[in-house]
Amino acid sequence: MSLKDRSIAIVGGGMGGLAAGATLGQLGVNVTIYEQAGAFTRIGAGIQMMPNSMKVLRRIGVEDALLRTSFQPYSHLNREWDTGTVVRELPMPADLFGAPYLCMHRADLTDALASAIPQGSLRLGKKLAGLDQDGRGVTLHFEDGTSATADAVVGADGVHSLVRDLIVGPDEPLHKGRIAYRAVFPSSLLGGRDIGPSRTKWWGVDRHIVIYYVTAAKSEIYFVTSVPEPAGWLTKESWSAKGDVEELRAAYEGFHEDVRAVLGACPDCHKWAILEREPLPRWSDGRIVLLGDACHPMTPYMAQGAACAIEDAAVLARCIEHFDGDDFEAAFKLYEAVRKPRTSKIQAISSANTWMKGGDDDTSWLYGYDAWNIPLEAASA
Ligand SMILES: Cc1cc2nc3c(=O)[nH]c(=O)nc-3n(C[C@H](O)[C@H](O)[C@H](O)COP(=O)(O)OP(=O)(O)OC[C@H]3O[C@@H](n4cnc5c(N)ncnc54)[C@H](O)[C@@H]3O)c2cc1C
């Protein structure tokens, strides 16, 4: 049977699900994405896309659109929280790792990914409630009482993944008592002050803040923090929970004036719990496989969660193609063998929050990775 005769259902239309829709669609597979939300809302948050994920985005045809809308920082800049002393700076020209480094609004990335999936492949308002599989395929059951069938299913349903619960078993994500405040707001509120040409991470003793522009025109600023939070608040992250901007400013009181100027200009903010998880024992069961935060959720400290989900999408498509769409179980095992060592390493470093803190970390294994060209054979040996 050829790939064009195969059907794959993707549960979740986040970054990973949309990217998988695009890579599988390019193979000619009949792909359908089931997303529980009734519409994509414009979440006020930025996102960094490093050269490793930009290589995937290039091949699915959205690099040019993102270059037009995104901010291209000069460098990864790491500074001391109070003096502003530079502890590590990595200039990131596009030719260093074979693709650009971009900072963008999350909604612009979602729009770009949604433009790359096959026409008519997205079903909104479809919340998965259960799955059944046998030797011939998988049946998906939705909360609205409807069902659908596919030859295989990709669970791209995020950190609280139901698909993961169904195939690996339920457990709770780790919440280590830290939260992130975040906001996107017009740069004009800074009264002409420029935050500089880089993406800057300000390292405090027990907290940090990352600040960057999210548009090519530098019209909007984004920041995201990590601060300790007394136990009891939010163990389930929520993109809509509001934070108290006065509490936020107080948490960064002694920081450098460049940080205080940004927080002082910020009109309001959101906050959410930072969750992570130990690497899972396995990522697939028969014709069902996991992708993105569903199988390797991580802290945001290396800015690699969505990047890894997007890399997954490229490698998963290659593994399915490797077996001509004939043996999903083998394809999914190969995909896990190729991807898990890398995502587990990133999960661990991200959890420790040591990346580019001032050490001489080799950055080429992370940003130089090319999901389209890493060998599959070594992993299958
Ligand atoms: C503060 C913060 C900053 C970050 N910054 C970066 C960054 O700069 N760069 C980066 O690469 N990553 C970053 N990340 C990580 C990134 O946001 C995630 O890793 C990424 O969104 C994971 O994508 P996903 O598709 O796996 O999951 P999600 O984006 O969570 O998507 C899951 C989708 O599944 C849907 N869904 C869930 N359950 C069901 C169901 N039962 N039925 C149907 N649909 C369902 C959800 O509605 C959702 O749309 C950051 C994360 C945080 C918290």
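Throughout, read-outs are computed from the coordinates displayed, never taken from laboratory work. Everything numeric here is computed off the predicted structure, so don't read it as measured data. Cβ sites come from the backbone with ideal geometry, for glycine too, and all protein chains shown count toward neighbours.
General remarks:
- Descending by average beta-carbon neighbour count within 10 Å, the peptides 275-285, 114-124 line up as 275-285, 114-124, the highest first.
- Rounded Å value of the spacing that divides the Cα centres of segment 142-175 and segment 16-30: 18 Å
- By average C-beta atoms within 10 angstrom, highest first, the peptides 33-40, 129-136, 79-86: 33-40, 79-86, 129-136
- Two-site label geometry, LYS127 and ASP165: point separation in nm, points 7 Å out along Cα→Cβ: 1.1 nm
- The equivalent ellipsoid of segment 1-95 has semi-axes of 35, 17, 11 Å, largest first, where each one is the square root of 5 times an eigenvalue of the Cα gyration tensor.
- Placing a label point 7 Å from the Cα of LEU96 along the Cα-to-Cβ line, the residues of segment 338-363 whose backbone N sits under 14 Å from it are 356-358, 360-363.
- Nitroxide proxy distance, nm - points 7 Å out along Cα→Cβ at THR146 and LYS345: 4.3 nm
- Evaluated at q = 0.10, 0.11, 0.20 Å⁻¹, the base-10 log of the normalised Debye intensity for segment 174-276, with identical point scatterers placed on the Cα atoms, takes the values -0.27, -0.32, -1.02.
- Order of THR139, THR215 - criterion: other Cβ atoms within 10 Å of each residue's Cβ, fewest first: THR139, THR215
- Dipole of the chain, positive direction: furthest Cα of PHE328, ILE195, GLY44, with charges on the beta-carbon: ILE195
- On full extension, the segment bounded by LEU174 and ILE374 gains 68.9 nm, given 0.36 nm per residue less the C-alpha separation.
- Charge dipole of segment 115-239 (Cα centre as origin; +1 on each Lys and Arg Cβ, -1 on each Asp and Glu Cβ, all else neutral): 640 debye, rounded to the nearest 20.
- Antiparallel DSSP beta bridges within the chain, as percent of all bridges there, nearest 5: 70 percent
- Between the residues GLY135, LEU90, THR299, the greatest Cα displacement towards the positive end of the dipole of the chain, with unit charges on the Cβ of Lys, Arg, Asp and Glu, is found for LEU90.
- Here is how the number arises for the chain: DSSP H runs of 4 or more residues each give -39500 (n - 2.57), the sum is divided by the residue count, and the result at 222 nm is -9000 deg cm²/dmol.
- Maximal additional length on extending the ALA337-ARG68 stretch stands at 93.2 nm, based on 0.36 nm per residue less the C-alpha distance.
- Per residue, the convex hull spanned by the alpha carbons of segment 305-349 comes to 53 Å³.
- Using the average count of surrounding beta-carbon atoms within 10 Å as a protection proxy, the listed peptides 91-98, 42-49 rank, highest first, as 42-49, 91-98.
- Efficiency of FRET from Cβ geometry, THR83 and ASP361, R₀ 35 Å, rounded to 0.05: 0.95
- Between helix 15-27 and the chain: long-axis angle, C-alpha atoms, 0 to 90°, nearest 10: 40 degrees
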